[in-house]
Amino acid sequence: MVSLEEFRAYRSPLKDFYEGKYVLLTGGSGFLGKLLIEKLIKCNVAEILLILRRKKGLSPTERLEQLLGKEAVFVNYAQNPQLYLSKIRLIEGDISAVGAGIANDDLEYIHERTDIIVHAAADVRFDESLKESIQTNVRGTHEMLKIAEKCRKLEIFTYISTAFSHCVLGVIEEKFYEPPMDPIVLIKASEKENDADNFEQLSKKLTEPWPNTYAFTKSLSEEVVRRYKTKLPVAIIRPSIITTTMEDPIPGWTDNLYGFNGVVCGAATGVLRIFHIHMDYKASIVPADTVINATLAVTWYSASHRDEDNVFNCTTDDNPVSWRETQMQLEDWKDRIPFDKSLWITTYNTTRFKLVADILCILYHILPALFFDAILKLRGQKPQVLKLYRKVHRFSAVLRFFTNNEWCFRTGRMRRVLNAMAAGDQQYFPCDAKAIQWNDFLDHQIKGLRQYLMRDPWSTLEKSLRRHRLRILMHRCLLTVLYGGLFLVVVKVLHNYGYIDFTGLHETSVEECLEGEAI
């Protein structure tokens with residue numbers, strides 16, 4: 001990890017671009033937003049104008065204090081809180097609201113000061129209602145562009161989209177695509193309260209063939225950005241499946257269970273035991289710090305190349321890894337660093353056939369859930385394992401599309417950005433997919449998921465190992481009983497149907513023994 005002092009001393013056109021700039025940031029309380037805050041403060045920006053809304057009874061100020069004090073990603077906060085507080089100016093707002101819910105005084109400050117806008121806020125839930133997704137992802141982007149249009153010093157507006165915004169295509173180029181429908185018309189339709197129920201009933205038909213409302217609304221929001229291209233300098237970066245950090249600012253950090261993180265945690269805790277996936281397909285995963293550094297590099301590049309179609313795919317197609325390779329690597333740690341908070345040992349099975357997966361879900365998920373819930377009831381506790389598996393199955397269902405299809409993402413424009421970077425930038429802004437060492441990254445990932453997401457401190461490792469060994473013994477005993485019982489049932493059935501005959505077996509054996517003695 002590069003220290004703050006070393007990073008501040010480094011000089012390059014990319015690094016110097018951010019020095020003393022006013023950066024308006026949305027989505028700062030989200031996964032990518034937290035990483036952007038940490039990196040922008042390292043870059044010594046003049047100020048981060050951070051849009052935050054009230055949530056769960058907490059004011060934006062209270063949320064920020066909680067955010068900075070809680071997350072390990074803010075690596076210098078414990079020693080120097082003022083480093084962060086002096087660089088962040090809170091703007092109360094809500095991007096899903098008309099006008100982004102920002103007061104006039106704050107809007108004037110934004111219009112006067114903002115040099116760079118990074119729009120990272122999004123509703124990333126795949127199963128969100130279409131109306132909510134449109135209002136956050138499409139209307140929210142439109143409202144931010146209207147604000148950007150009035151910023152007097154604006155150098156660039158960067159929108160973080162997703163590589164799967166055009167997942168209905170087999171090959172995804174770095175360019176703008178025709179939208180499935182007019183986004184402004186859809187925004188207006190979503191705002192009609194009287195037609196809310198009818199609108200949701202039409203959502204499945206509207207979003208086809210997109211697999212979910214998230215990918216669908218991201219494709220629409222890209223069209224909103226494209227329409228402002230003649231008015232503003234804009235850039236779009238499309239990351240694929242974002243996982244934990246690789247090393248910047250710390251290895252293995254994350255704060256959410258979305259996507260691949262959820263699959264790994266589910267398997268590691270013994271909850272996810274069967275998964276529908278094509279193991280020989282490319283795993284379009286990308287480390288979070290690769291995405292953050294690529295976003296900053298793309299923003300810098302696009303500000304001086306305004307006439308280009310600044311659309312960039314941030315994927316690992318230049319250095320692919322298959323789902324099978326990730327599983328083989330992650331298998332190595334299951335007996336070395338078990339999770340303390342786990343339901344059972346890791347028993348992860350996969351199949352490419354949906355019917356097989358659905359049948360095995362009954363054997364590997366539903367029946368064990370009923371067994372564990374029965375034990376909880378006997379102990380006077382509330383049954384909750386079956387409820388947990390309902391969530392697991394919803395999670396698995398939304399991921400099936402991405403784990404059983406494969407895409408080719410063109411990265412020529414992104415490679416152009418990488419080539420424009422100074423020689424030392426890959427040390428301070430590492431974002432070249434070719435440099436990823438997958439074995440090292442996957443090791444960092446599982447350790448990070450245990451430490452940062454499951455909140456299992458390393459001090460519990462010995463206790464977890466002892467419990468893990470006991471569970472392995474219990475698991476083997478249980479399998480012996482189950483398979484032994486199944487064997488006896490099969491033998492009994494075959495005997496009843498006359499395929500096996502035990503009659504006279506004992507007597508014959510005794511007679512043979514007596515004959516043997518006589519000889």
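In sequence order, what are the phi-derived ³J(HN,Hα) couplings for the range 277-291 according to the Karplus relation 6.51 cos²θ - 1.76 cosθ + 1.60 with θ = phi - 60°, rounded to whole Hz, with x for glycine and proline?
These are the phi-based 3J(HN,Hα) values: 7, 9, 5, 8, 7, 5, 8, 7, 8, 9, x, 4, 6, 4, 5 Hz.
Order 140-147, 314-321 from most to least packed using the mean count of other Cβ atoms within 10 Å.
Details: 140-147: 22.6, 314-321: 20.1.
Going by the mean number of other Cβ atoms within 10 Å, highest first, we get 140-147, 314-321.
Among DSSP bridges having both ends in the chain, what percentage is antiparallel? Round to the nearest 5.
Values: 2 of 34 bridges.
In the chain, approximately 5 percent of DSSP beta bridges are antiparallel ones.
Could you calculate the FRET efficiency of residue 390 with residue 454 from 1/(1 + (r/R0)^6), where r is the beta carbon distance between them and R0 is 30 Å, rounded to 0.05? Intermediate values should be presented prior to the final figure.
Details: r = 21 Å, r/R0 = 0.69.
Efficiency, from the Cβ-Cβ distance: 0.90.
Amide H of residue 172 versus every other amide H placed in the peptide plane: which residues, excluding those fewer than 5 positions away on the same chain, fall under 5 Å?
HN-HN under 5 Å from residue 172: 408, 409, 410.
Of all the stretches in the chain, which is the longest one without any exposed loop site, taking chymotrypsin sites (Phe, Trp or Tyr not before Pro) in a DSSP loop (any state but H, G, I, E, B) with at most 12 other Cβ atoms within 10 Å?
Details: sites that count: 353, 497, 499, 502.
The reported range is 1-352.
Can you work out ³J(HN,Hα) from phi for every residue in the range 209-217, in order, using Karplus 6.51 cos²θ - 1.76 cosθ + 1.60 and θ = phi - 60°, giving whole Hz and x for Gly and Pro?
Calculated HN-Hα couplings, in order: x, 5, x, 7, 5, 5, 4, 4, 6 Hz.
Lys/Arg Cβ at +1, Asp/Glu Cβ at -1, dipole of the range 1-153 taken about the Cα centre: which of 138, 51, 7 is farthest positive-ward?
After comparing all options, I get 7.
Residue 444: accessible area at probe 1.4 Å, nearest 10 Å²?
The accessible area comes out at roughly 70 Å².
Here are some pairs, 131/188; 21/153; 175/205; 39/153; which of them have Cα atoms lying more than 18 Å apart in this structure?
Where the Cα-Cα span goes over 18 Å, the pairs concerned are 175/205; 39/153.
Report the extension gain between residue 437 and residue 422 in nm, rounded to one decimal, defined as 0.36 nm multiplied by the number of residues separating them, less their alpha carbon distance. If you can, show how the numbers build up before the last one.
Details: separation 15, 0.36 × 15 = 5.40 nm, distance 2.17 nm.
Fully extending the segment from residue 437 to residue 422 adds 3.2 nm.
Set Lys and Arg Cβ to +1 and Asp and Glu Cβ to -1, take the dipole of the range 426-486 about its Cα centre, and tell me which of 446, 428, 465 lies farthest positive.
465
List the residues, sorted by chain then number, that are 5 or more residues from residue 314 or on another chain and whose placed amide H is less than 5 Å from its amide H.
238, 240
Please compute the per residue accessible area over the range 298-374 with all protein chains in place, 1.4 Å probe, rounded to a whole number of Å².
Values: 3690 Å² over 77 residues.
Counting only protein heavy atoms, the per-residue value for the range 298-374 is 48 Å².
I'd like the trypsin sites (Lys or Arg not before Pro) in the range 357-408 restricted to DSSP loop residues with at most 14 other Cβ atoms within 10 Å, sorted by number. Each step should come with its number before you reach the end.
Details: sites: 377, 379, 387, 390, 391, 394, 400; in loops: 379.
Answer by residue number: 379.
Give a residue-ordered list of calculated ³J(HN,Hα) values for the range 26-36 (Karplus: 6.51 cos²θ - 1.76 cosθ + 1.60, θ = phi - 60°; whole Hz; x for Gly, Pro).
9, x, x, 8, x, 4, 5, x, 5, 5, 5
With +1 on each Lys and Arg Cβ and -1 on each Asp and Glu Cβ, and nothing else charged, work out how big the dipole of the chain is about its Cα centre, in Debye to the nearest 20.
Approximately 1080 debye in magnitude.
Counting residues in the range 152-215 as N, plug N into 2.2 N^0.38 Å and put the Cα Rg over that result. Write out the running numbers ahead of the final one.
On the way: Rg = 15.0 Å, N = 64, 2.2 N^0.38 = 10.7 Å.
Its radius of gyration relative to the 2.2 N^0.38 Å reference: 1.41.
Less than 10 Å Cβ to Cβ from residue 140, Lys/Arg counted +1 and Asp/Glu -1: what total charge do the surrounding residues give? Before the final figure, lay out the partial values.
Numbers: positive: 139; negative: 94, 123, 143.
That sum, taken over residues with Cβ under 10 Å, equals -2.
What is the local net charge at residue 162, summed over the other residues whose Cβ is closer than 10 Å to its Cβ (Lys, Arg +1; Asp, Glu -1)?
+1
Using only Cα atoms, what is the ratio of the radius of gyration of the range 45-147 to 2.2 N^0.38 Å? Write out the running numbers ahead of the final one.
On the way: Rg = 14.8 Å, N = 103, 2.2 N^0.38 = 12.8 Å.
My calculation over the Cα atoms of the range 45-147 gives 1.16.
In whole angstrom, and with the biggest value first, how far do the Cα coordinates of the chain range along each principal axis?
111, 55, 49
Which cross-chain or sequence-distant (5 or more) residues have an amide H under 5 Å from the amide H of residue 88, H modelled 1.01 Å from N in plane?
When sequence neighbours closer than 5 places are left aside, the close amide H contacts are 48.
Using the Kirkwood radius built from alpha carbon pairs, what does the Stokes-Einstein equation give as D for the range 101-207 at 4 °C and 1.567 mPa s, in µm² per second? Working shown, then result.
On the way: Rh = 15.9 Å.
For these conditions, the coefficient is 82 µm²/s.
Net charge near residue 383, counting Lys/Arg +1 and Asp/Glu -1 over other residues with Cβ under 14 Å of its Cβ?
Numbers: positive: 377, 379, 382, 387, 390; negative: 373.
In short, +4.
The values are calculated or read from the model by the stated rules, or taken from the named source; none is laboratory data. It should be emphasised that the depicted structure is a prediction, and the values quoted were computed from it without experimental measurement. Counting neighbours? That spans all protein chains shown, and the Cβs are built from the backbone with ideal geometry, glycine included. What goes into the accessible areas is simple: the full protein's heavy atoms, side chains included, and nothing from ligands, DNA or RNA. Shrake-Rupley method; radii C 1.70, N 1.55, O 1.52, S 1.80 Å.
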